[in-house]
Amino acid sequence: MSTTSSVAASGGLIEHLRQRGARQDGAEVADFGRPDEERAAAGSGATLHALTGDALLEVAGEDARDFLQGQLSNDVDTLNATRAQLSTYCTAQGRMLASLLVWRRADAFLLQLPAELAAPVRSRLQKYVLRARVSLADIGERCAILGLGGAGSGAALEAALGTAPRHPMDRVGFEWGDAICLGHELYEVVVFGDDMASIWDRLARQARPTGTRWWRWRLIQAGLPGITAATQELFVPQMANMEALGAVSFEKGCYPGQEIVARAQYRGQVKRRLVRLHAPSGTPQPGQTLFAPPAAAVGTVVNAAPAPAGGFDLLAVVQTDSAGRGALRLGSADGPPLALAP
């Protein structure tokens, strides 16, 4: 399988990007030396991003399918050569430990999640392997995860690779990796082994390389939440709209938290929901509390990113009876005001 046939590390891509002007901010690429131009490009056209803060877990072995079917909220039996899926991994109380992008490549399943969650999620999954013929490996160092989004990104992807997935969760497999459509004009390209730099260059000829923050902004615009260390175990999947995004199957068998997730669905017990907000001022962070007058805590920031036009855009889980009031504030009852986005 190509994911294990090379020891080429993603560090090689990072060095390649540095040679092309990339500047890092921790695990993320901050920009490619022209931040103002990149901000404008994010708001107007196709942009390319190195998702260096994400990881990839490989679940392989004869029992991998059955094992994941008993651990994840979605139905892995529906995965095939042309489809990916969103899913969640929950505690026994139905609270999300991770939100995942899952697909099948050859005889293994691949689970994409933030790098900060990869080790604890892998360790927790390993506890349930028992006698199953399953192997778990973090293969993030063997691959590069790239994002492509914005107006014209589908045409850019097709021009670079010769073909592109057409609809959300469609997957196109190549000898060197995979391309997955996440939504309208929103794609990921996962490259294994020695082709990382060459695929990046092919894509960079069609889309403007920009910092990772603008990819996070694109996910927020698309309403695609991501669980991070700051928000683990805070939400059942429905609070983050995961069932509406197709990440939960209500027909499959048991998985951790399944009874609670099903009860919330069928008894209408979800009193908090995901909304998109704009913060003209302030710097929202995942896990930060939102308040409504007079001083009630009514929500939690899930993801946030700078907006090209200024301020921050964010996804937050908010009490449904507070979301439409238009008086939400960030961090405290007298914190920066937030505006509900369409």
Exercise for review: Give a quick list of trypsin sites (Lys or Arg not before Pro) in segment 72-164 that DSSP marks as loop, anything other than H, G, I, E or B, with at most 12 other Cβ atoms within 10 Å.
Suggested key: 131, 133
Review point. Given Cα pairs under 8 Å that are at least 6 residues apart, what percent is the relative contact order of segment 131-266?
Key: 19
Practice item. Would you please give the FRET efficiency between residue 151 and residue 116, computed as 1/(1 + (r/R0)^6) with r the Cβ-Cβ distance and R0 = 45 Å, to the nearest 0.05? Key: 0.90
Review point. How large is the Kirkwood hydrodynamic radius of the chain, in angstrom, based on all distinct alpha carbon pairs?
Key: 20.6
Review point. What number, rounded to the nearest 500 deg cm²/dmol, is the helix-based mean residue ellipticity at 222 nm of the chain, given -39500 (n - 2.57) per DSSP H run of at least four residues and division by all its residues?
Key: -6000 deg cm²/dmol
Check your understanding: Which loop-located chymotrypsin sites (Phe, Trp or Tyr not before Pro) does segment 56-144 contain, where loop means any DSSP state but H, G, I, E or B and the Cβ has at most 15 other Cβ atoms within 10 Å?
Key -> 128
Revision key, fill the gap. The long-range amide H neighbours of residue 183, using H built 1.01 Å from N in the peptide plane and a cut-off of under 5 Å, are 169
Study note, to complete from the structure: log10 I(q)/I(0) for segment 229-340, Debye formula on C-alpha points only (no solvent), q = 0.22 Å⁻¹, two decimals, reads -1.15
Exercise for review: Loop sites only, by DSSP: take the GluC sites (Glu not before Pro) in the chain that have at most 15 other C-beta atoms within 10 Å and name the longest stretch containing none of them.
Suggested key: 63-174
Practice item. Return the single residue from 135, 153, 99 with maximal mean-square fluctuation; model: Gaussian network over the chain, springs between Cα atoms under 10 Å. Key: 135
Practice item. Counting other Cβ atoms within 10 Å, keep those with at most 14, restrict to DSSP loop, and tell me which trypsin sites (Lys or Arg not before Pro) in segment 253-290 are left. Key: 267, 271
Exercise for review: Just need the relative contact order of segment 2-221 here, percent rounded to a whole number, with Cα pairs under 8 Å and 6+ apart.
Suggested key: 30
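Values quoted throughout were computed directly from the atomic coordinates according to the rules given, and no laboratory measurement underlies them. In this text the structure is predicted, and so the values were computed from the model without any measurement. Here the Cβ is made from the backbone with ideal geometry for all residues, glycine too, and neighbour counts use every protein chain on show.
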